[in-house]
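The next block holds one structure in the form of structure tokens; read it before the comments.
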Amino acid sequence: MAIPVETFFLDPEGEGTLQSRIQQMIAEGILSGRLARGEKLPSSRRLAAHLGVSRITVTLAYTELQASDYLEARPRSGYYVSGNAPEPPQFAAQHPRRDSIDWTRALGRRFTGGLTTFKPQDWSAYRYPFLYGQTDPTLFDHANWRHCALQALGQRDFAALTADQYDQDDPKLIEFILRHTLPRRGILARPDEVLVTMGAQNALWLAAQVLLTQRRTAAVEEPCYPALRDILVQSRCNLASVPVDRDGLRPEALPAEADALFTTPSHQSPTNATMPMARRRALLERARELDSLIIEDDYEFEISFLRPPLPALKSLDADGRVIYVGSFSKSIFPGLRLGYLVGPAPFIREARALRTLVLRHPPGHMQRTAAYFLGMGHYDSLIRRLGQVFASRRQAMEHALAANGLQVEGRGAFGGSSIWMRAPPHVDTAELDRRLRSRSVLIEPGHPFFEGPSPPRNYYRLAYSSIPAERIGPGIDLIAEELARMA
């Protein structure tokens, strides 16, 4: 007798295709011991009718499970749980009846409690998502990325895909960074001066861990990227905040005790200020006087659709004191999590050793896929397309902001993907964000970017990377309406 069809159900919130969800449902039943070896599965027709899917979908799922030796087909009889199917564990996992551990004492260090902005996972369900850092799937080159991923899965690239490279990176990706990416920023480097990281944030963490101790002082921009401040706090170094103005960080404000400075000169986060050439040279001179190191986060230089970006600080550095952080995650897609560090060989050697202790190296298949995507010219085509679309969206946002009389506090001189805003002094943009969500509008409150117990509450950021141009005007209208109500 077949297993009752009523015992099968699909999770309505499950992810993946119907076929993959059916495969997972049956495999989990076998692995949990609920479906025993030799038991007969319902016919494809009955299971399809019960689940409300096509019969071919169930048949394909059964066929895949047979290929994986979870099921076996018997002529004129149907499908059965295979005699070679994985055995369930001999004992059932159990949660402790009570937690007797005092975790307030047991935890040696805590990594929670930072002010990093919460961004909803269902952001794409909102009609007006002015949310920074997410990608617009309509702009991405899915076909060519898929082609590159398949090519990276080929026999010729088998070693790059499967081998444990220990502490090394994909040579094709390193070659592209050295020959194409860095020269665009005026930077020349050798292979031993580049390290691939799991995005720019991982690069910043590695730099902080290698360079800072409890006796050293790190200077950081105010306001700044919240996760960077969290990284520096967790390093237990002394932290000094340096205010920025409309031209970015002021070199004369850099404290004399600063051992390392973390800065975003090309596109200050979050104000979008761009540091002029004269100030860049002054900052290098000030760092030379103090014998300080500079960690330059050049996170959005590719999105320069208004005019070409200024040369990177690293390209002006004659002393080898600038460590450069770059990322492909902002320009390709955020889930890629590929970035890179560029610095003197002794620094990269230590950063490589630390990375090896934590994660060895970023996945080989992802590195090789990205190398093909970059090397075949698809990346440059994507950047050109993003620039054209972002220019149109930026124009739509500028027009809508002006029409509604909203105050712009900072806009990128070369492009970028967001605008830094200031609401009236009495407005708490966290409350504004809460109210707007009920109207399907997402903004980013600005207070997490500031240090201290009483940060200003009336700043917010509006991004145009994830919202179509035709929705920008109506979305800005809703923001203006809510601000008027709060007044």
Of the criteria (1) surrounded by fewer than 18 Cβ atoms within 10 Å (Cβ to Cβ); (2) touching a Cys at 6+ places or on another chain (Cβ under 9 Å), which one M277 fails: (2)
Subset of the stretch 13-28 that is buried (at least 17 other Cβ atoms within 10 Å of the Cβ) and either β-branched (V, I, T) or in contact with a strand residue (DSSP E or B) (Cβ under 9 Å, 6 or more places away or on another chain) (or both) - its residue that is farthest from P88 (Cα to Cα): I22
Matching residues, the stretch 384-417, being more than 20 Å from S269 (Cβ to Cβ) and either among the β-branched types (V, I, T) or in a loop (DSSP other than H, G, I, E, B) (or both): V389, G405, L406
Of all residues in the stretch 185-200 being touching a residue at least 40 places away in the same chain (Cβ under 8 Å) and in a helix (DSSP H, G or I), the one that is nearest to the chain's Cα centre (by Cα): G199
Test: residue in the stretch 222-239 that is aliphatic (A, V, I, L, M), assigned to a strand (DSSP E or B), surrounded by 19 or more Cβ atoms within 10 Å (Cβ to Cβ) and in the same structural domain as M275 (by TED's automatic domain parsing): no
Hey, T138 loosely packed, with under 14 Cβ neighbours inside 10 Å, of a type outside the set (A, V, I, L, M) and touching a Gly at 6+ places or on another chain (Cβ under 8 Å) or not: no
Residues of the stretch 1-35 classified as closer than 18 Å to Y80 by Cα, in a loop (DSSP other than H, G, I, E, B) and of a type outside the set (F, W, Y), total: 7
Test: T217 is polar (S, T, N, Q), within 24 Å of the chain's Cα centre (by Cα) and either within 22 Å of R337 (Cα to Cα) or surrounded by 15 or more Cβ atoms within 10 Å (Cβ to Cβ) (or both): no
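Every residue, every condition in (1) under 21 Å from F449 (Cβ atoms); (2) out of contact with any strand residue (DSSP E or B) (no Cβ under 9 Å at 6 or more places or on another chain), yes or no:
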{"residue": "L211", "(1), (2)": "no, no"}
{"residue": "N238", "(1), (2)": "yes, no"}
{"residue": "S241", "(1), (2)": "yes, no"}
{"residue": "R250", "(1), (2)": "yes, no"}
{"residue": "F262", "(1), (2)": "yes, no"}
{"residue": "F305", "(1), (2)": "no, yes"}
Verdict on F158 being assigned by TED's automatic domain parsing to the domain that holds Y372 and surrounded by 15 or more Cβ atoms within 10 Å (Cβ to Cβ): no
Qualifying residue in the stretch 476-486 (condition: hydrophobic (A, V, I, L, M, F, W, C) and under 19 Å from the mean Cα position of the chain (by Cα)): no
Scan of the stretch 393-414 for residues that are surrounded by 15 or more Cβ atoms within 10 Å (Cβ to Cβ) and of a type in the set (G, A, S), ordered by number: A396, A400, G410, G412, A413
Residues of the stretch 349-381 classified as aliphatic (A, V, I, L, M) and crowded, with 18+ Cβ neighbours inside 10 Å, total: 5
Flag if D380 is of a type in the set (D, E) and either touching an Asp or Glu at 6+ places or on another chain (Cβ under 9 Å) or part of a loop (DSSP other than H, G, I, E, B) (or both): no
Identity of the residue in the stretch 418-444, in contact with a helix residue (DSSP H, G or I) (Cβ under 6 Å, 6 or more places away or on another chain) and either without any contact (Cβ under 8 Å) to a residue 24 or more places away in the chain or part of a loop (DSSP other than H, G, I, E, B) (or both), that ends up nearest to L131 (Cα to Cα): I443
Count - residues of the stretch 446-487 that are surrounded by fewer than 23 Cβ atoms within 10 Å (Cβ to Cβ), in contact with a helix residue (DSSP H, G or I) (Cβ under 9 Å, 6 or more places away or on another chain) and assigned to a strand (DSSP E or B): 0
From D317, D297, D245, residue being in contact with a helix residue (DSSP H, G or I) (Cβ under 8 Å, 6 or more places away or on another chain), surrounded by fewer than 22 Cβ atoms within 10 Å (Cβ to Cβ) and either within 22 Å of H447 (Cα to Cα) or not β-branched (V, I, T) (or both): D317
Positions within the stretch 248-273 being surrounded by fewer than 23 Cβ atoms within 10 Å (Cβ to Cβ) and of a type outside the set (A, V, I, L, M), in sequence order: R250, P251, E252, P255, E257, D259
R185 buried (at least 17 other Cβ atoms within 10 Å of the Cβ) and basic (K, R): yes
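Yes/no per residue for (1) surrounded by 13 or more Cβ atoms within 10 Å (Cβ to Cβ); (2) without any contact (Cβ under 8 Å) to a residue 40 or more places away in the chain; (3) not in a strand (DSSP E or B):
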residue	(1), (2), (3)
R37	yes, no, yes
H50	yes, no, yes
Y62	yes, yes, yes
R76	no, yes, yes
Out of S20, S43, sole residue that is without any contact (Cβ under 8 Å) to a residue 60 or more places away in the chain, closer than 15 Å to Q66 by Cα and more than 42 Å from the chain's Cα centre (by Cα): S43
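The values are calculated or read from the model by the stated rules, or taken from the named source; none is laboratory data. None of these values were measured; they are calculated from a predicted model. Glycine gets a Cβ as well: all are built from the backbone with ideal geometry, and neighbour counts include every protein chain shown.
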